[in-house]
Every structure is written in C-alpha cells, then in structure tokens.
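Student: Questions regarding the structure given below will be posed in turn.
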Amino acid sequence: KVMASGTALIYDEEMTSHKLLWDDPECAIEVPERLSVSYDQLKHYSLVERCVEVPVREATEEEITLVHSPEYLEFIKSTQTMNIEELRNASKKYNAVFFNTKSYRCAKLAAGGVLQLVDSVMSGEVRNGMALVRPPGHHSQRNESNGFCLFNNVAIAAEYAKKKYNLQRVLIVDWDIHHGQGIQYIFEEDPSVLYFSWHRYQHQEFWPNLRESEYDAIGKGKGTGFNINVPWNKVGMGNADYIAVFLHVLLPIAFEFNPELVLVSSGYDSAIGDPEGCMCATPECFSHLTHFLMQLANGKCCIVLEGGYHLRSLSESICMTVKTLLGDPLPQLHGDMTPCLSAVESIHNVRAAHKPYWKCLACSDAAVVQNASTKREVNGTVLTSAKTNKEVEIETNRFLDSHMKSIHVPVPPANTAAAVSESNTRLLPNGVLVCNDTVELGETEAILSDFHVQLVKGANILSSLGHLLNLLNKVLQKQVHNGIVESPDISTSSVVVLKHSINFGLNRLLDIVLGDADRNYLHEEGKILSIRISEKEMPDLPASIISLNFNEDLQRDNSFLYALLRLILPLAYSYQPELTIITLGPNSKLSVGSIAMMIRLLQSLANGRIITVIQDTEYKYMESIAEALMNLNRPGIVPYAPISKEMILAVEERRHKLQEEWKLLQCSVG
Ligand code: Q9C
Ligand code: ZN
C-alpha cells in the first residue's frame, strides 16, 4: 500500500467578495484581506508552489442540508437578491453576522472547498491539506447564522466524510479562540464525532457567554464523553498553556478515540496579537499543534480556516501550519514553558469531567474544583498566575515589534542520513542519504582522546565511530535534520555523541535510552537530560537520571504511548533540547510502532534534530525508525487502551517526584 504524500491547498479569490457594507464595529474585523494577505504570505515563503492547489467548488444543497434545515438554506439563498436595507435587516436577525449579495455564493464555495479538501485527503491524492475559506463556519447552527458564520463548513465536512467514506470516527479539533457552539450542538449526541474546543470564557463573561461552553458540557445521550470543552478563564494564555492542554487532555483522548480523519476548525484568533482573543501563543505554536494532530488518523488531517483577525499574526500562523503539513522541521518554542495556574485548573477540571469516559484518564487523581486568582501551592509547587491585561499588552507589543520581523523560513536540507552496515541499507526507505564517508582514523582518535572516556579501541569500533562522527557532524552543521546509526557498541557510541555535541557547543541534550545499554551516565552540569526506559533496574544511577522500569512485555499493548504523553513529552517540552539522542539497545520490549511513534513525536523538539543509535542486533527496527525520521506516515500503532497497571504506576510515581521541577508535568490542582 502506497503511503499518501503531498499537501493540498484550497483557496479562491472569489471568497473575498463577501464583505460588510455598512458600519458595524462588531463585524468590522472579518475582512476579505484575511484571506488575500494570508495567501500572499504563503506565496512569499514559496509555500504555495510546494502544495497541490485544489480548486474550490460550490457545496450542493444536498450537502448543505446534511447539517442545515431546508428553510434556513432558502433564507440564506434569498439574500442574493436583496437590496441593502433588506440585507441589513437580514443581518440583524442574527448575532454578529453580515450579508451582502455575494455572501451566499461565498458560503457555498467555503463549504464546497472544504469538501474538496476532504476528498483529496480521503482518496489518498494527498496526505493532508489546508482550506483558506470565508465566511467561517463553526458558530453556525442548523437554523441560524452566528458570529460571522453562515454554513458550518467543518460540520458539513464531517457529515459528508462519514457518509461518503463510511467513517466511524471523526475528530474535530477547534483551536479557534471562540467556542464553536454550532459544532457542539450538531454533534452533541453523536459518538462518531469527537469535538474538542478550547475557548476564551472568563467564567461566561466572554462572547458567546454560554453556560454550555463550560468544561462540564461533555455531550448528551450516546454522545456523552465525546464533547470536550476547555474554558480559558484568563487572557494571556501562551505556548506552554496550549501545549499542556494538548498533552494532558486532547492527545490522550484522541489516541484512545483513534479517529479515521482529523478536521481542524483552525481559527488563529487564539494567536498573539489578536484583538478578540488577547492570548499570547506565538505562530510557532501552531506548528506544534499541527504536528501532534498529524500523528493521528494515519496523517489524514484537514485544516480549515475559521477566525483570526490580526493580519500579520494570522498569516504567519497559517504559514507555520502549512510548512508543518509539508513536513518541514518545526521551529523551537522559545521562552518559559510553565503553564499558568488558571490553565492547570482548567485542565484539571476537564480531565475530572471526562474521567468516567476515557481509560487514559481513569488513573488521574481525585478531582477538586477550586478557583484561585493569585499564586498558590499546587502539589507543593508554586505556579505562576495568569498575565494581567497590561502584561498581555506589553508582551504583544514586544512580539510584534521584534519577533515578527524575524520569522524566517529556511529551505529544508536533506532529511535523513544513515550510517548502517551495507547489508542493512536495503531496509532504508527511498530518499535516505546513505553516508559511507568517515572521519579519518587519526581524527577520530584525537576526538575520542579529548573525551577522556575509557574506550575499547578495537578497530571495528573505531571505524564505526568514524562513521558516527561524520554523520553527527552533518546533523550539527544542519546539513541534514536527523540520522540513524547502527553500532556494534551503543554504550560507547551514545557517549561519543553526547560528548562531541557538547564540545561542539550545544547546551541541552535530550538523551533517551531504551532497553539494555550498560552505559556510563555523564555529569555535564545540566547539559544532558537522560531518560532511561528499561526492564532492568540499574543500581547506583545518579539522581539526575530519570529511570522508568517495568517488567512486562510492551509489545502486547501500547502502554508506552501513555509514558510518552504523560512523562517523556512534557519533560522534553519543559527542557527544550537542542538535540535529541535516542539509543536503542537489546531487549527494549517495545513494538516497532511504538518506537516509530516516539520518534515522530520527538521530532517536534530540537528543530527536528535527532540521532538514533541502534545496536546492530536490533535491525528489525531499522526500517520503521528510518521511515519515522523521514516523516512518513506508516499505518499507526493500535490505540493504547487497555493501559497496563504497571506502566501507570511507574509513570505516575516518576511524575509525582518530578513535577515540582518540570512544570509541564502538572495537570492537577488541590
Ligand atoms: N460584543 C469567529 O472567530 N464578537 N467568530 C461579538 C460581542 C463576535 C467570532 C462581540 C466574534 C465572532 C469565526
Ligand atoms: Zn474565533
């Protein structure tokens, strides 16, 4: 079976003809330039030419009435021939909506454009894609326009995909800063559509001021548990808060749900600078959110524009999203990765509300719902309070002045290099750069003697280290993103990688050791974060080494994903490594799919710089590791429930000890 590749882009200038014809401050921000400026920015970064441009079409009446009533459709249709007074009156029927005579046509193109995207992805023509459309959709309801939205583009797409492709499970992720109450209403009794939304809420004081946007609206009837609301009760939420919600709420549930298709209601009013959202997440954050979602549904991900009203922030965020869909390495998230107290409270509340419905949450601690506005002890740790309005303003201005000018999009180099034995090169996918060159013997010896490491200087090992150093230099000098190295002695090899990288000038190395690797752990003053996952307990480990032991066969289920989401990724995001080293020894007990998933998820860190060192006996992992490094989506690992008790205990015990120091681990209060 051929793996789908390529990214679709849906855009048509005609959708800029829907516009506000009179003075209305409430609606003035939803301007046609939102679309044209974003498309121009995609062109500016040469991203349009890298995508497959797919034409829009009108959604048919039959398709629109998958979600909307025929009477509502007729009413919207009737706006085509209205005069300006009639248009104004029609607009007044609804909350925050405007029509002109082109609105109906644009709304049909917006919905139809999204259906074109769904068809491109579901047919395997492309792997994923983005639809730049307006008017937006997620506030629109069966009989009602609302919040700039006429037809509910994403809801129509979900019903269409279910019907046409016989899908049992569709995930809708709504990262727009407003609650897509329209989508919630349409699917609240439907267990085949899992709807996730985060939204500015401020205890119901923010538009649309609905009681049902609260975390306790979890769906109804058969759909109970399939509606996830994360209310933001403060403004100023940033990268750490968004990442924390993905790691602790959305991703575990989404992996357990195991969707066949992911649709994103992609509003960028949740980005910094937006006048509606007043949040602080930077455009880079959307690369990370996108990358996470690309790991679901075999990579079948359709991203659909909703809101986003700061033209610069909007267009940069869209570019980050599209670059990520194309498979480019992710930008690093800079700055403090501590979620604020208010965000952790929201996370805690959502997890507690959904605990009865999802196995992955069942092990969370007892729920305590509390409100607090200032600094408070959380599990013995002080979390920061949310930003004040003034602080949000200062951070936004600083960002717009300095950072925005310097977002630069490098042309990606070759992806993956490999130094493996000749007989194993046949296991590598097409496109991997096979490295046969080596650092000269003398030079290798000189580099090694520099380390003062006890090395067995067998000729065999020396030559393998020469290949390793050559490949590592390529990664350090950014000639390739990542590499895979086969080694007769992983212990020595991985120590050499760490030492050489530090000598090169790197300050934060993420060192993940899987299986048996009796290795010296280095003391390099916080320059290495070592995580060891193995069946064997290792005596006398330095306290700084994070060690996870378990005795059961992890091939049987995918409990390992639990450790990834709950421990390894939060640690990695807190640490912000400059290079990740994965050492795979014998007896790791991990399935091929689990290791591939780990590598794909870790590619969001360190600008995608990963070195994988595999013991030469473990070649059965080689093909899927190389595929994961190449960013290819191979049919995914099975959903990870049931999760083993042993794994939960091992992970939770570590989390408990570490969460004071590593703030992204925190997801409960009280
Ligand atoms: N005074 C989208 O982002 N604002 N819609 C109402 C009330 C309406 C947002 C303010 C915001 C609608 C797609
Ligand atoms: Zn919005």
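Student: Taking the range 125-207, which GluC sites (Glu not before Pro) meet the DSSP loop condition and have no more than 16 other C-beta atoms within 10 Å?
Tutor: 125, 189, 205
Student: Determine, from the Cβ-Cβ distance of residue 69 and residue 430 and an R0 of 51 Å, the FRET efficiency 1/(1 + (r/R0)^6), rounded to the nearest 0.05.
Tutor: My answer for the efficiency is 0.50.
Student: For residue 3 and residue 33, calculate 0.36 nm times their separation in residues minus their Cα-Cα distance, and state this gained length in nm to one decimal. Don't skip to the answer; put the middle values down first.
Tutor: Numbers: separation 30, 0.36 × 30 = 10.80 nm, distance 3.61 nm.
That works out to 7.2 nm of additional length.
Student: How fast does the range 547-634 diffuse by Stokes-Einstein, in µm²/s, taking the Kirkwood radius from C-alpha pairs at 4 °C and 1.567 mPa s?
Tutor: For these conditions, the coefficient is 96 µm²/s.
Student: Separate question: Grab the Cα-Cα distance for residue 479 and residue 649, subtract it from 0.36 nm times how many residues apart they are, and report the gain in nm with one decimal.
Tutor: Gain on stretching residue 479 to residue 649: 57.0 nm.
Student: Among 468-476, 503-511, 266-274, how do they line up by average Cβ neighbours within 10 Å per residue, starting with the highest?
Tutor: Result, highest mean Cβ count within 10 Å first: 266-274, 468-476, 503-511.
Student: Once Rh for the range 267-360 is found with the Kirkwood sum over Cα pairs, what is the Stokes-Einstein diffusion coefficient at 20 °C and 1.002 mPa s, in µm²/s?
Tutor: Once the numbers are plugged in, D ends up at 144 µm²/s.
Student: Further question on the same structure: Give a quick list of trypsin sites (Lys or Arg not before Pro) in the range 549-618 that DSSP marks as loop, anything other than H, G, I, E or B, with at most 14 other Cβ atoms within 10 Å.
Tutor: In loop regions of the range 549-618 (DSSP not H, G, I, E or B), the sparsely surrounded trypsin sites (Lys or Arg not before Pro) are 556.
Student: What nm value, rounded to one decimal, do you get for the distance between residue 212 and residue 163 when each label is placed 7 Å out toward the C-beta?
Tutor: Placing both labels 7 Å beyond Cα along the Cβ direction yields 2.2 nm.
Student: Moving to a separate point now. What value, in deg cm²/dmol to 500, does the helix sum -39500 (n - 2.57) over DSSP H runs of n ≥ 4 give at 222 nm once divided by the residues of the chain?
Tutor: Taking each H run of at least 4 residues, the total per residue is -10500 deg cm²/dmol.
Student: Angle between the Cα long axis of helix 389-401 and the longest principal axis of the chain, 0 to 90 degrees, nearest 10?
Tutor: 70 degrees
Student: Please give the per residue volume of the convex hull enclosing the alpha carbon atoms of the range 4-122, rounded to a whole number of Å³.
Tutor: Given the Cα convex hull of the range 4-122, per-residue volume reads 114 Å³.
Student: How many angstrom separate the Cα center of the range 300-351 from the Cα center of the range 558-602?
Tutor: Comparing the Cα centres of the range 300-351 and the range 558-602, I get a distance of 22 Å.
Student: Round to the nearest 10 and give me the degree value, 0 to 90, for the angle of helix 490-504's Cα axis relative to the longest principal axis of the chain.
Tutor: 70 degrees
Student: Further question: Would you mind checking the pairs 234/478; 234/657; 300/589; 108/300; 102/164 and listing those with alpha carbons more than 32 angstrom apart?
Tutor: 234/478
Student: To make sure I understand the rule: partners must be aspartates and glutamates, Cα under 15 Å from the Cα of residue 163, and not fewer than 8 residues away in the same chain. Which ones qualify?
Tutor: Qualifying aspartates and glutamates at Cα under 15 Å: 62, 63, 119, 190, 260.
Student: Enter the Cα centre distance for the pair the range 156-218 and the range 414-452, rounded to the nearest angstrom.
Tutor: 49 Å
Student: Taking the range 51-153, which trypsin sites (Lys or Arg not before Pro) meet the DSSP loop condition and have no more than 11 other C-beta atoms within 10 Å?
Tutor: Passing sites in the range 51-153 are 93.
Student: Hey, another quick one. Expressed as an acute angle from 0 to 90° and rounded to the nearest 10, what is the orientation of the C-alpha long axis of helix 153-164 relative to the principal long axis of the chain?
Tutor: Orientation of helix 153-164: about 70 degrees from the principal axis.
Student: Moving on. Determine, for 363, 340, the number of other Cβ atoms within 10 Å of each Cβ, and report the residues in order from fewest to most. Please report the intermediate quantities before stating the final value.
Tutor: Values: 363 16, 340 21.
Ordered by Cβ neighbours within 10 Å, fewest first: 363, 340.
Student: What Rg and what Dmax come out for the chain when only alpha-carbon atoms are used, in angstroms?
Tutor: Cα radius of gyration and Dmax of the chain are 25.3, 88 Å respectively.
The numbers here are math on the coordinates, done by the rules we state, and not lab data. Treat the numbers as computed from the prediction; the structure is a model and nothing was measured. Neighbour counts run over all protein chains shown; Cβ positions are idealised from the backbone, glycine included.
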